[in-house]
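Here's the structure, in structure tokens; my notes come after.
The values are calculated or read from the model by the stated rules, or taken from the named source; none is laboratory data. None of the values given here were measured: they were computed from a predicted structure. Neighbour counts are summed over all protein chains in view; Cβ atoms, including those assigned to glycine, are modelled from backbone coordinates with ideal geometry. Accessible surface is based on the protein model in full, side chains and every heavy atom, while ligands, DNA and RNA are left aside. Shrake-Rupley method; radii C 1.70, N 1.55, O 1.52, S 1.80 Å.
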Amino acid sequence: MSAAVTTPEYPLFDTHCHFDFDAFAAQFADELALACQQGVQRILIPSIGRQNWQRVATLAADYPDHIYYALGYHPYFLASAGLNPLDDLEQALDARSSACVAVGEVGLDAMVDIDAKVQETLLLGQLALAQAAGLPVVLHSRKTHNRLLQLLKQTRFQGGGVLHAFSGSEQQARQFIDLGFKIGVGGGITYPRANKTRRTISALPLEHLVLETDAPDMPLCGYQGHNNHPCRLPLVLNELVLLRKEDKQTVASTVWKNSNLLFSICERIPTEM
Ligand SMILES: [Zn+2]
């Protein structure tokens, strides 16, 4: 199935969208068409745990031109991870399709009520599985950037990936970049009060940035109280263009290229029959 109706001016890649969540389930084909109409041709859906691995794989199989997925355990949902989480993930990765282009969403979160040691043990196991599968990781980090950097260095993780919804200092961002990670730029930059992150994003090399919405979370400035949607990704692009003072075509084509490179996907959009 293909939901595209027009060839967009700038193809965009939403590198982090929980498009399988209930908010989009009732009218999924229409929601995807809405995103495609705004140029959002490709979407990576990260999983949160065993409970949605099948669902994200099925969406990718149903919409192969548009949907890619990642398998992993999100730090928020570790309570439902089961008794042998790493064995389960290894099995799921062994059975993955070519649309599974990363391990994620994995990481650390200092704001959630789950023991840090438990989070770290599962993260390390997932990094090892990603390394073995030759896949990059989609990283979640809340108030844990420095610890995450420490662990990535200790384990000598080589697979790279993306630090999603980045907010933080330029120094932290550059350390992740040095370890082979892209920086996920989301709706956070549309808030004038997000000074530090906006400054950081404008200073980093464009070659290391990718776009994301994190929908249905992270509403853009002006849309607070509403579910976020991948169709708003062009607004994140516009803000990035304003911040960087580079021309839109350059920014759009570079982040498109970065995103496909990150997930080892062919950049070219196949012409539709
Ligand atoms: Zn997420």
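For segment 174-191, which positions are within 17 Å of A215 (Cα to Cα), surrounded by 18 or more Cβ atoms within 10 Å (Cβ to Cβ) and away from the ligand (no atom under 16 Å from the Cβ)? Correct list: I189, T190. Scanning segment 25-56 for residues that are in a helix (DSSP H, G or I), within 16 Å of the ligand (Cβ to nearest atom) and surrounded by fewer than 22 Cβ atoms within 10 Å (Cβ to Cβ) returns Q51, N52, R55.
Would you confirm whether or not segment 221-232 contains a residue that is away from the ligand (no atom under 16 Å from the Cβ), in contact (Cβ under 8 Å) with a residue 40 or more places away in the chain and out of contact with any Ser or Thr (no Cβ under 6 Å at 6 or more places or on another chain)? Yes, there is a match, as at least one residue in segment 221-232 is away from the ligand (no atom under 16 Å from the Cβ), in contact (Cβ under 8 Å) with a residue 40 or more places away in the chain and out of contact with any Ser or Thr (no Cβ under 6 Å at 6 or more places or on another chain). Can you pull out the residues in segment 57-74 that are assigned to a loop (DSSP other than H, G, I, E, B) and aromatic (F, W, Y)? Those that are assigned to a loop (DSSP other than H, G, I, E, B) and aromatic (F, W, Y): Y63, Y73.
Here's the yes/no breakdown for (1) surrounded by fewer than 15 Cβ atoms within 10 Å (Cβ to Cβ); (2) farther than 16 Å from R147 by Cα; (3) of a type outside the set (A, V, I, L, M):
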residue	(1), (2), (3)
S80	yes, yes, yes
A95	yes, yes, no
E105	no, yes, yes
M111	yes, no, no
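Checked against the criterion of being open to solvent by 50 Å² or more (accessible area, probe 1.4 Å), at pLDDT below 95, polar (S, T, N, Q) and more than 15 Å from the ligand (Cβ to nearest atom), the candidates Q171, Q154, Q158 yield just one match: Q158. Of the residues E239, E267, E246, the single one that is charged (D, E, K, R), free of Cβ contacts under 8 Å to residues at least 40 places away in the same chain and open to solvent by 20 Å² or more (accessible area, probe 1.4 Å) is E267.
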